[in-house]
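Worksheet: the structure to be examined is printed underneath.
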Amino acid sequence: MEIYMVGGAVRDALLGLAVQDRDWVIVGATPKILQSAGFLPVGKDFPVFLHPSTREEVALARQERKTAPGYHGFAFHAAPDVTLEDDLSRRDLTINSIAISAANMPDTCKFNQKFSEQQTLQLDRSKLIDPYGGARDLDAKVLRHVSNAFAEDPVRILRLARFAARFADFTVAAETMELMQEMVQSGEVDALVPERVWQEISKGLMEHQPSRMFEVLRECGALARLLPELNKLWGVPQRAEYHPEIDTGVHMMMVLDMAARLNANLPVRFACLCHDFGKGTTPVDVLPRHLGHEGRSEKLLQAVCARWRVPTDCRDLALVVAREHGNIHRSHELGAAAIVRLLERCDAFRKPARFAEVLLACECDARGRLGYADSSYPQSARLLHSLQVAQTVTAQSAINLIAPQAINTPSIGQKVLINSVNLSGKQIGQLMLAARVRAVAASLGETLH
């Protein structure tokens, strides 16, 4: 029985990156042998086990064979005669197909030692097992498929694009791009299930330079199949005085990378990706203006979220940003009444934390333009201040402030009487709206008429 560390842990160690977790492959064993040694079986589709002491995942070396379209259509074979090279050959990229024997691991991270995440590992390159040239491709910063078996699993297109976003200075090998284009043309990508698409897209959104994922998907043709709403934006012009970069697709990528620069969470990054979908349906005769694109973006986004089964938090935030980002950008021009209505439409009073995320997405939109990357976004501070002021208004304070004036009862005695009146919820809501407008106006130095 031989044990090897494989895949991402080896890759990241060679790149000098912190290793998140270790993947192990065992050659020459059977499930019965591992279970007798205390390993716990956890794999449903193929033999994966938990180490009895470290709780790390350990897999038997295996081969796979394509049996049907899509990423589910595989048959797996694991047996003592499956070699390490056989196992490495089924992997997607050469940089993920490097191994090292457990016997050659540093003393600080042996197979039977519990592993602490975020360690950097110093591996002896002379001890690497690298039949497909992964170390060479790491040095050359190239993403290259191991074999034509890559074409059997359409998820690998998404995975490669995700790695392009993680390692933004890597290029895709020409032959690999050609193979992906052939996969798209054959319809293999169309067999992807929504949950798997979202799983890979969401991971890619959280990488260092997420724009690279969508650029690679666009180049191979997969973006037009998976997210045509985004793919249509390249070549769509915007007004140069507001968007010096002009091209809407370029703008979307700049916004997305700004979200990564500002360490935005997944819902914010998804909102940035989708906020301008409506510009792809602007009539040609009105370009480069995009009046009403917010409403069109919201409608298209609803369809995307349904198609991909996007989680509720990502969907809801993105819908608010798509609908309201133009109003938020113009909020410095708004008076108190319009600001309070904007806060209500954004559900800011009930969900102030989400509203802060809405503002962050809008800041990414504003700064994701040519020449604006380091600019300020005062709209956020103004709207957050207005929200804080408006939040100080309670139902009772609104009644005390507004109700006596509303029915011309200025005396204190009658004001007390008004407080005991059984007002309807709608009436109280109207009073609170009026009181909030007054409070925000006062804080902004605005005179109400």
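Just so it is clear, none of the values below were taken in a lab; they were calculated from the coordinates. Treat the numbers as computed from the prediction; the structure is a model and nothing was measured. Here Cβ is always computed from backbone atoms with ideal geometry, including for glycine, and neighbour counts include all displayed protein chains.
Numerical summary
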item: Helical mean residue ellipticity (222 nm; -39500 (n - 2.57) per DSSP H run of 4+; nearest 500) of the chain; result: -14500 deg cm²/dmol
item: Centre separation in Å (Cα based) which lies between segment 10-25 and segment 230-272; result: 33 Å
item: FRET efficiency, Ala140 to Ala240 (Cβ-Cβ, R0 22 Å, nearest 0.05); result: 0.05
item: Estimated distance in nm for a label pair at Ser147 and Thr281, the labels positioned 7 Å out from Cα along Cα-to-Cβ; result: 4.6 nm
item: Residues His332 and Thr392, FRET efficiency given R0 of 22 Å [Cβ-Cβ distance, rounded to 0.05]; result: 0.50
item: Segment 273-334: C-alpha gyration tensor shape, a/c 1.5 cut-off, then a/b vs b/c; result: oblate
item: Virtual spin-label span in nm between Ala191 and Ala224, 7 Å along Cα→Cβ; result: 2.2 nm
item: Added length on full extension, which subtracts the Cα-Cα distance from 0.36 nm per residue, Phe46 to Ile33; result: 3.1 nm
item: Contour excess over end-to-end distance, with Cα ends at Ser126 and Glu344 and 0.36 nm allotted per residue; result: 72.1 nm
item: Helix 293-308 vs. the chain, principal-axis angle (Cα, 0 to 90°, nearest 10); result: 40 degrees
item: Prolate/oblate/rounded call for segment 1-140, Cα gyration tensor, a/c under 1.5 rounded; result: oblate
item: Gain upon complete extension [Lys114, Gln302; 0.36 nm per residue less C-alpha separation]; result: 63.1 nm
item: 16 Å Cα-Cα reach of Lys299 towards aspartates and glutamates, excluding residues that sit fewer than 8 places from it in its own chain; result: Glu229, Asp276, Asp316, Glu324
item: Cβ-Cβ FRET estimate between Gln20 and Ser424, R0 fixed at 41 Å, reported to 0.05; result: 0.15
item: Per residue convex hull volume, Cα atoms of segment 228-381, in Å³; result: 109 Å³
item: Hz values of 3J(HN,Hα) by residue in segment 84-89 - Karplus curve (6.51, -1.76, 1.60), Gly and Pro given as x; result: 4, 4, 4, 5, 5, 5
item: Cα-based helix-to-principal-axis angle, 312-329 vs the chain, degrees rounded to 10; result: 50 degrees
item: Rg/Rh (Cα only; Kirkwood hydrodynamic radius) as it applies to the chain; result: 1.11
item: Choice from Ala348, Ala13, Ala99 showing the highest fluctuation, given a GNM over the chain with Cα pairs closer than 10 Å; result: Ala13
item: In range of the label at Asn104: residues from segment 124-164 whose backbone nitrogen is under 11 Å from the point 7 Å along Cα→Cβ; result: 124-131
